[in-house]
1. Taking the solvent-accessible surface of protein heavy atoms with a 1.4 Å probe, what is the per residue accessible area of the chain in Å²?
2. Select from the range 28-118 those trypsin sites (Lys or Arg not before Pro) which occupy a DSSP coil region and have at most 15 other Cβ atoms within 10 Å, ordered by residue number.
3. I'd like the orientation of helix 156-167 relative to the chain: the angle between its Cα long axis and the longest Cα principal axis, in ° from 0 to 90, rounded to 10.
4. Mind pulling the angle between the C-alpha long axis of helix 140-151 and the longest principal axis of the chain? Nearest 10 degrees, somewhere in 0 to 90.
5. What FRET efficiency comes out for the pair residue 36/residue 58, r = Cβ-Cβ distance, R0 = 35 Å, nearest 0.05?
6. Could you order peptides 173-179, 16-22 by the average number of other Cβ atoms within 10 Å of their residues, highest first?
7. Provide the solvent-accessible area of residue 85, counting protein heavy atoms only and rolling a 1.4 Å probe, rounded to the nearest 10 Å².
8. With only alpha-carbon atoms in the gyration tensor, what are the semi-axes of the equivalent ellipsoid for the chain, in Å, largest first?
Amino acid sequence: MIGKLKGVVDAFGDDWVLIDCGGVCYQVFGSARTLQALPRVGEAALVFIETIVREDLIRLYGFADEAEKSWFTLLTGVQGVGARVALAILSVLSPAELSSAIALQDKAMIGRANGVGPKLATRVVTELKGKVPALGAVDAGTLGLQAALGEGIAASNVADAASALTNLGYSSAQASAALARVVAKEGDDTATEKLIRLGLRELSA
């Protein structure tokens, strides 16, 4: 069983990378997030590996870190979620964002991935509920703020700041996590403009 590969990046494809390990090139499939994080051709790389064996093929799936690999294992354990769909989900959501989506039962976040319809998104959040803590759940402050935003009871300055950050292209999970950290330091009466500025600083850290 291959646990991880250390080698040199040989080539990239649409959803795979070739890693040269002492003259043997392994084709490793990965999420867009992992492939984008890998170094350029000719440079050293390390990927964590999950091997899937079927009657008609053997495939290696690679991940930038063990958290992403753990999520792949959990996702492919959900009925209707194969390796391709799991990689699609991991391409649009980081492990932290996935933890948040599952904890909050946020079907819309899961549904952002290609090939994931409403029914499958519901199945994912339902079947994986309660399994998040083993991977390091989102901190209580972030969950509390996300719940308040979702229920429309967050303070107007915080809600406005969250809206501004999402309009800039950040996900609701990213925005609320950043703002939760800012509010913890600055207080929930901080002006909207300052929340946005400090939130952007947190997101770029």
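The values are calculated or read from the model by the stated rules, or taken from the named source; none is laboratory data. Just so you know, these numbers come straight off a predicted model, no measurement behind them. Glycine also receives a Cβ, built like all others from the backbone with ideal geometry; neighbour counts cover every protein chain displayed. Quick note on the areas: whole protein, heavy atoms, side chains included, nothing else; ligands and nucleic acids left out. Shrake-Rupley method; radii C 1.70, N 1.55, O 1.52, S 1.80 Å.
1. Values: 10680 Å² over 205 residues.
Here the per-residue accessible area is 52 Å².
2. Working: sites: 33, 40, 54, 59, 69, 84, 107, 112; in loops: 40, 54, 112.
Answer by residue number: 40, 54.
3. 30 degrees
4. Helix 140-151 sits at roughly 70 degrees to that axis.
5. The pair residue 36/residue 58 has a calculated efficiency of 0.90.
6. 173-179, 16-22
7. Its heavy atoms expose roughly 30 Å² to the probe.
8. Values: eigenvalues 245, 81, 34 Å².
The equivalent ellipsoid of the chain has semi-axes of 35, 20, 13 Å.
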